[in-house]
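Data first, discussion second: the structure below is written as structure tokens.
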Amino acid sequence: MRRFTALLAAAIALGGLTASPASAAARTWYVQAGSTHTAGTKTQPFGSLAQAQSASLAGDTIVVLPSALVLDGGIELKPGQTLRGVGALSGALPGPKLTNTTANLDGDAVRLADRTTVSHLRIAGSKRGAIYGLNVSGVRVTDNDITGHNTSCTEGFHIPGFNIPTNVPGVGAPIPGLTNGWAGIMVDATTGTGRTVQIDHNDVHDATCGDGIDVRFSGDASGTATIADNRIHKLGQGRTFMSLLAIGLQTADSASLVGQIHRNTQTELGNALDLNLVQGADSEGVFLQSSGPSRMDATVTHNTYANADGHGGFSANGLEMASMGAGSRMTATIRDSTFTAPSGDVIENAALGTDAVMNMTLERVTAEKSGGVGNTFLIPANNGDCVVAGSLGARNVVGLTVRDSILRDCSNNGLSMGSNVVNGSGPTTAVRLDVDNTTITGNRGGNLGIRNFTALDALEVKVQRSNLQGTTGLGSSIAAVAAEDLGSTTSASIDLGGGPLGGAGQNCIGGGLLTAVHVLNYRVSAKSNWWGQAGGPKAGQTLVTSGSLDTSSPLADPPDACN
């Protein structure tokens, strides 16, 4: 071994081998705002981020020491580096404070590289983003306090244009692309496979012109983004923008993204003076958007969204999944989460493009207390429904599964699902709804509404062991439960019990302003249900304009779902 070491040293000395910086032992450098030292040690720290960036090598650690002053100018990390702070993240005590008020790095305070970690920093007032990465992998952004970002109001997340449906069959209105302010934390990928991004335990707040956390994949990029245990609150949309996202995931082209979104909180999104009209902020707690033929698979668990004090416009949502373009593939599973009091629909699943396959599952989810103006009678969405899902384009397949959930006290309907093709030509391929052991009550409109406006190839609806009784007003439905075909459906199976989909019934059906159930041009099986009394529905409790409704084998006693 000694002989080998000696030969290696001699070879390096003679120039036969070159020592690589990556082979050198990683160092720890220190930087502190206000320091006049140049050594970069703990006792003699650098006084600027530029010094730390220049001196450090790949794999090194840069420690930001607490100070009452702020390190300005931004820093671009090298692969494998760690940038971490020491000291208080809030209050008047000295802390690891960063910003970038300059044009360096386009105004970003921290620019990521592969395998970098950024932690425990106070980043305030950056000209653009607090932390940004492009085509990076193996990165982690954790335990940072980010506030007042994007003072330049630079455009970031862009939502493509689409046609919004009306309540007139086949008639839509064009909506231009929606622009958002640059996010406090943003990661973009345009190429590369297997990319990983982890963003956790950050507090993003009090910015007037920027999103919270955004991840965008395009080109042929693929990978996984984990967004967990973050708190996003008190964000404003900005005067020049049309949308505001607390957490936004987006795919385009042939990109593929897996989103793991866990234990996050979103509150107070929008502008303080929003009037719940067109000029109000189009804010979203969690926004999932794909443009075809890209793919997104997202899992959201233990999410808390609460939007008190009237923030947000009529299109503000707790969670929205939307496809655009042609051929998107999207899945979203939302579990053990609560979404309360947006001024628009609480949860949306909308196929706005064509040829998409979109499936959403809600398990143990509460969607409740939407505000706003309620039913506009002009458009089928953004009326304050607890959950709305459907196809608005040709050849889409849209599925919604709801289990063990609560959809209550919304300003319009509890659950609406249907189709109105206003993007592309041709029918919607399929709309599928499966509801089990769920409470849908106390909504101002109907509790369950199934509506088709144009051509639809296949409709499948199964609702069992659920509470569908108790509505408080007219909303967009005269009935607590409505199944209405204003277009043409080639094949329809609507099973509220004893029907072709094997439904168990055991639902509680009642209420409605004029009637409990309204059927138009559909055949509905509603066997083995409770109608508020033994013996089935009483006179006036059902209305079949055309089609049929089978209410045979009614329950003699209320089932567990009524409790």
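Structure values in brief
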item: Some residue of segment 423-436 being over 23 Å from residue 301 (Cβ atoms), hydrophobic (A, V, I, L, M, F, W, C), in a strand (DSSP E or B) and within 23 Å of the chain's Cα centre (by Cα); result: yes
item: Boolean, residue 210 is touching a strand residue (DSSP E or B) at 6+ places or on another chain (Cβ under 8 Å), farther than 19 Å from residue 303 by Cα and either assigned to a loop (DSSP other than H, G, I, E, B) or among the polar types (S, T, N, Q) (or both); result: yes
item: Cβ pairs under 8 Å, 6+ apart, first in segment 343-356 and at positive phi, second open to solvent by 10 Å² or more (accessible area, probe 1.4 Å) and of a type in the set (Lys, Arg); result: 355/395
item: Residue tally, condition open to solvent by 10 Å² or more (accessible area, probe 1.4 Å) and modelled with pLDDT of 95 or more, over segment 285-305; result: 8
item: Conditions (1) in a strand (DSSP E or B); (2) under 21 Å from residue 442 (Cα atoms): number failed by residue 490; result: (2)
item: Matching option when the condition is under 22 Å from residue 390 (Cβ atoms), open to solvent by 20 Å² or more (accessible area, probe 1.4 Å) and either hydroxyl-bearing (Ser, Thr, Tyr) or at pLDDT below 95 (or both), among 493, 477, 548, 528; result: 493
item: Enumeration of residues in segment 126-156 that are in a loop (DSSP other than H, G, I, E, B) and closer than 24 Å to residue 191 by Cα; result: 128, 129, 130, 135, 136, 137, 138, 154
item: Qualifying residues in segment 223-272 (those that are open to solvent by 50 Å² or more (accessible area, probe 1.4 Å) and among the small types (Gly, Ala, Ser)) - the one nearest to residue 312 (Cα to Cα); result: 272
item: Breaking point among (1) more than 19 Å from residue 318 (Cβ to Cβ); (2) modelled with pLDDT under 95, for residue 282; result: (1)
item: Some residue of segment 167-183 being touching a helix residue (DSSP H, G or I) at 6+ places or on another chain (Cβ under 9 Å), part of a loop (DSSP other than H, G, I, E, B) and surrounded by fewer than 19 Cβ atoms within 10 Å (Cβ to Cβ); result: no
item: Any hit, segment 51-73, residues being under 15 Å from residue 144 (Cβ atoms), of a type outside the set (A, V, I, L, M, F, W, C) and either without any contact (Cβ under 8 Å) to a residue 60 or more places away in the chain or open to solvent by 60 Å² or more (accessible area, probe 1.4 Å) (or both); result: yes
item: Members of segment 30-77 that are charged (D, E, K, R) and out of contact with any Ser or Thr (no Cβ under 6 Å at 6 or more places or on another chain); result: 42, 60, 76
item: The listed residue being within 30 Å of residue 294 (Cα to Cα) and surrounded by 24 or more Cβ atoms within 10 Å (Cβ to Cβ), out of 396, 443; result: 396
item: Pairs with Cβ under 6 Å, 6+ apart, first in segment 322-342 and on the phi > 0 side of the Ramachandran plot, second part of a strand (DSSP E or B) and buried (at least 23 other Cβ atoms within 10 Å of the Cβ); result: 325/291
item: Segment 551-561 - residue that is surrounded by 20 or more Cβ atoms within 10 Å (Cβ to Cβ) and more than 30 Å from residue 455 (Cα to Cα) and, of those, nearest to the chain's Cα centre (by Cα); result: 561
item: Residue match in segment 184-207 (condition: touching a His at 6+ places or on another chain (Cβ under 6 Å) and open to solvent by 10 Å² or more (accessible area, probe 1.4 Å)); result: yes
item: Members of segment 83-129 that are over 29 Å from the mean Cα position of the chain (by Cα) and surrounded by fewer than 23 Cβ atoms within 10 Å (Cβ to Cβ); result: 86, 87, 88, 91, 92, 93, 94, 101, 102, 103, 104
item: Sole residue being at negative phi and under 32 Å from the mean Cα position of the chain (by Cα), chosen from 444, 465, 523; result: 444
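For every residue, the table says whether it meets (1) out of contact with any strand residue (DSSP E or B) (no Cβ under 9 Å at 6 or more places or on another chain); (2) of a type in the set (A, V, I, L, M, F, W, C); (3) touching a residue at least 12 places away in the same chain (Cβ under 8 Å); (4) under 30 Å from residue 411 (Cβ atoms).
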{"site": "455", "(1), (2), (3), (4)": "no, yes, yes, no"}
{"site": "460", "(1), (2), (3), (4)": "no, no, yes, yes"}
{"site": "483", "(1), (2), (3), (4)": "no, yes, yes, yes"}
{"site": "497", "(1), (2), (3), (4)": "no, no, yes, yes"}
{"site": "511", "(1), (2), (3), (4)": "no, no, yes, yes"}
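Residues are listed down the side, and each one gets a yes or a no for (1) modelled with pLDDT of 95 or more; (2) under 14 Å from residue 298 (Cα atoms):
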| residue | (1), (2) |
| --- | --- |
| 221 | yes, no |
| 238 | no, no |
| 241 | no, no |
| 247 | yes, yes |
| 254 | yes, no |
| 260 | yes, yes |
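The values are calculated or read from the model by the stated rules, or taken from the named source; none is laboratory data. Model, not experiment: these values are computed from the prediction. Every residue, glycine as well, gets a Cβ built from its backbone with ideal geometry; the counts of neighbours run over all protein chains shown. Side chains included, ligands, DNA and RNA excluded: accessible areas come from the protein's heavy atoms. Shrake-Rupley method; radii C 1.70, N 1.55, O 1.52, S 1.80 Å.
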